[in-house]
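To start, the structure itself, in structure tokens.
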Amino acid sequence: MQYVDLSIPIANGIPSFPGEPGGYVMPFASHEVQGWVSHQLLLYTHLGTHIDAPAHFVPNGKGVLDWSLEQLIGSALIIRLRHAINGGEELQRKDFHWPREPMAGDRIILHTGWDKQWGTDRYFNKFPSLGVELVEYLVDCRIGLLGMDTPTPHASQAAVVHELLLGNAIVIVEGLANLDRIPVVEGQIICLPLPLQGLDGSPARVVFGYETELQESNGEAVLR
């Protein structure tokens with residue numbers, strides 16, 4: 001198996017949406033004083049690469065720790081754009097290349113390439129949105145998880161889209177990165193939030209794995 005880390009690294013001062021908290025890494029102990037090193041973390045539940053739980057938008061909804069491991073880990077399908085984007089677009093089903101139709105329980109990852117804007121003002125201000133019709137289509141397919149390389153599903157209709165997905169028990173994974181390093185469309189995703197009891201979301205480490213095999217003629221690794 002080959003593995004690709006799809007997570008944005010968390011560092012001191014990591015930004016979030018304008019007006020929302022960022023993340024901070026504060027030294028607590030040092031080699032010079034205590035003889036050992038440790039840090040205190042101040043993290044926002046929707047920081048960097050993160051998972052949303054129903055409680056984020058659904059009153060009395062379940063927390064991030066209530067997602068089952070079976071829903072967060074397993075086979076995944078990467079859906080890539082058919083064309084380049086400038087930012088600010090509303091993307092529909094026709095804008096993506098679908099290797100096959102989504103099926104019940106599928107883990108779907110939408111690859112737009114927007115993670116390349118991370119660290120710029122455009123990342124949070126000009127990102128493309130997932131059209132409501134596209135989201136309704138995925139809900140009708142009864143997928144289990146929807147991942148994206150944008151900071152949130154929609155710029156102006158965030159509540160509508162979140163309620164559609166979370167209200168239908170679909171995991172939302174936002175802020176993915178490095179999808180362009182994956183040369184296949186199908187593989188395995190491991191998507192693990194911090195075990196935050198009852199909370200609305202959590203930063204997550206997300207990893208994608210795909211199989212390779214040794215080619216008998218020269219012993220080189222090739223995609224299976």
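Before moving on, here are some points about what is shown:
- Over the chain, dividing the summed -39,500 (n - 2.57) contributions of all DSSP H runs of at least 4 residues by the number of residues returns a 222 nm mean residue ellipticity of -3000 deg cm²/dmol.
- Under 26 Å of direct C-alpha separation, and excluding same-chain neighbours fewer than eight residues apart, LYS62 reaches no lysines at all.
- Model label zone, ASN168; criterion: amide N under 15 Å from point 7 Å along Cα-to-beta-carbon; scope the range 116-137: 130-137
- Within a Gaussian network of the chain (alpha carbon springs, distance under 10 Å), most fluctuating of GLY175, GLY35, GLY198: GLY35
- Positive dipole terminus of the range 1-159, leading residue within VAL58, ASN86, TRP36 (C-beta point charges): ASN86
- Normalised by the number of residues in the chain, the mean separation of alpha-carbon contacts (under 8 Å, six or more apart) gives a relative contact order of 29 percent.
- Sparse packing (at most 13 other Cβ atoms within 10 Å of the Cβ) combined with a DSSP loop state is found for the following trypsin sites (Lys or Arg not before Pro) in the range 1-98: ARG82.
- Qualifying lysines (Cα of each under 26 Å from Cα of LYS94; at least 8 residues distant if same chain): LYS116, LYS126
- Packing-based order for 159-166, 199-206, using average beta carbon neighbours within 10 Å, highest first: 199-206, 159-166
- A Gaussian network model of the chain, with springs between Cα atoms under 10 Å, assigns the largest mean-square fluctuation among THR212, THR150, THR112 to THR212.
- Were the residues from TRP118 through PHE28 laid out at 0.36 nm apart, the gain over their Cα-Cα distance would be 29.5 nm.
- Residues HIS46, HIS39, HIS83, sorted so that the one with the fewest Cβ neighbours within 10 Å comes first: HIS83, HIS39, HIS46
Every read-out reported here was derived from the displayed coordinates using simple, explicitly stated rules and does not represent laboratory data. For clarity, every value in this text was computed on a predicted model and none was experimentally measured. Here Cβ is always computed from backbone atoms with ideal geometry, including for glycine, and neighbour counts include all displayed protein chains.
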